[in-house]
Amino acid sequence: MSDFKPLVFSGVQPTGNLHLGNYLGAIRKFVALQQDHDCIYCVVDLHAITAQLVHQDLRGQTRSIAAAFIASGIDPEKHIVFNQSAVPQHAELAWVFNCVARIGWMERMTQFKDKSGGKNAEQTSLGLLAYPSLMAADILVYRATHVPVGDDQKQHLELARDIAQKFNIDFTDHIRKTSYGVDIMVGEEPVHAYFPMVEPLIGGPAPRVMSLRDGTKKMSKSDASDLSRINLMDDAETISKKIRKAKTDPDALPSEVEGLKGRPEADNLVGIYAALSDKTKQEVLGEFGGQQFSVFKPALVDLAVEVLAPISGEMRRLMDDTTHIDAILRKGAEKARARADLTMNQVREIVGFLQ
Ligand code: TRP
């Protein structure tokens, strides 16, 4: 039994500034995965126009995500970093997937319902409905197997599996006539597959970073208060101020994780400390249990500045002269295009397009 070669793919939308939640929930995982995986990281600019068509500075936003990748330690020489629109095969495969996927699948997506809810159909783009099909194409145009994402994307990945599965089954006979198929097990069933069943990589130390002003709300780029989040471009002084002003409760930190229950702000700050130091919450509480926030917060400031200030500094440097970042993206797109082209040629043959 052959199998698909492990390959990691993920994408980040170039909308709004990156914050600590994006860094701990996604980018830090991307960095770690490079150790023992072949990785492709994409700035998904085609996705950025689904919810809002016209952007002030889409190019600048695209560069800043790429800069965050590089500044955080993603190696564009060993792996691939590029922007989605530079590889037209994503959109081409998405078209095929639009014909594989069913409208009902798309309409059931919670994110679609949330974003289109309340407004009438005249205000929701067709692209927003089709978005998960493009996301499936992003991954499968490389026949990638593992996708690190936040838990909000889990449903979209299940849909990507449904699309891959339906393609594999609908085209089984066509796939068998080529040498491109791979024998895999889907549950108990052996399937001769062209596309792999992608595995989500969800979780990690801080899958959900919460607002610094309200521990029950997710840290978000759209929160009106800038004090609610730490932006990846914040300088040391700003990071320090935001942590010092972060909401807490009057009690000392507990010694056991259990004691964080019902204390969302304490839980969040301990979680951030743990994620930034690659420790578990229990290890952090082993060190700080019984201490007041007046002791814990300065320690968190030191740690956050130590980890984040070099990243924001490097991002600023990269954004000051964009020729370097543009060259990285251009080279990345060339490498990505070569791989995506291979898949698309095979897909065209499987589907039956005359070439
Ligand atoms: N939809 C993802 C998000 O909003 C971004 C994304 C687009 C993505 N294509 C992807 C993530 C492919 C993983 C794999 O966060």
Ranked by how many other beta carbons lie within 10 Å on average, peptides 146-153, 263-270, 240-247 from highest: 263-270, 146-153, 240-247
Separation of the THR216 and ARG102 label points, Cα + 7 Å toward Cβ, nm: 3.8
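When the dipole is taken about the Cα centre of the chain, and only Lys, Arg (+1) and Asp, Glu (-1) are charged at their Cβ, what size is it in debye, to the nearest 20? Don't skip to the answer; put the middle values down first.
Values: 41 positive and 46 negative charges, 122 e Å.
Value, rounded to 20: 580 debye.
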Listed residues LEU129, LEU260 arranged by accessible area, highest first, probe 1.4 Å: LEU129, LEU260
Cα gyration tensor shape for segment 144-256, rounded if a/c is under 1.5, else prolate or oblate: prolate
Computed FRET value (nearest 0.05) for LEU354 with HIS192, which takes r as the C-beta separation and R₀ as 22 Å: 0.35
Computed over segment 249-355: relative contact order in percent, which uses C-alpha pairs under 8 Å that are six or more apart: 22
Surface share of carbon and sulfur [accessible, 1.4 angstrom probe, percent] for segment 226-319: 51
Degrees between helix 58-72 axis and first principal axis of the chain (Cα, 0 to 90, nearest 10): 70
Most to least packed among 65-72, 86-93, 312-319 [average Cβ atoms within 10 Å]: 65-72, 86-93, 312-319
Gyration tensor (alpha-carbon) shape descriptor, segment 24-96, a/c threshold 1.5: oblate
Approximate spin-label separation ASP36-GLN282, in nm, with each point projected 7 Å along Cα-to-Cβ: 2.2
Greater than 27 Å apart at Cα, pairs in LYS113/LYS281; LYS5/LYS331; LYS218/LYS281: LYS113/LYS281
Global geometry of the chain, whether rounded, prolate or oblate, following the gyration tensor of its Cα atoms and the 1.5 cut on a/c: prolate
Length-normalised contact order for the chain - Cα pairs under 8 Å, 6+ apart - percent: 23
Å² of accessible area per residue within the chain, as computed with a 1.4 Å probe and no ligands counted: 48
Nearest-20 debye value, segment 226-319 charge dipole, Cβ charges on Lys, Arg, Asp, Glu: 320
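The values are calculated or read from the model by the stated rules, or taken from the named source; none is laboratory data. Note that the coordinates shown come from a computational prediction; the quantities given were computed from them, not determined experimentally. Every residue, glycine among them, receives a Cβ derived from its backbone with ideal geometry; neighbour counts consider all protein chains shown. Surface accessibility is based on the protein's heavy atoms, side chains included, excluding ligands, DNA and RNA. Shrake-Rupley method; radii C 1.70, N 1.55, O 1.52, S 1.80 Å.
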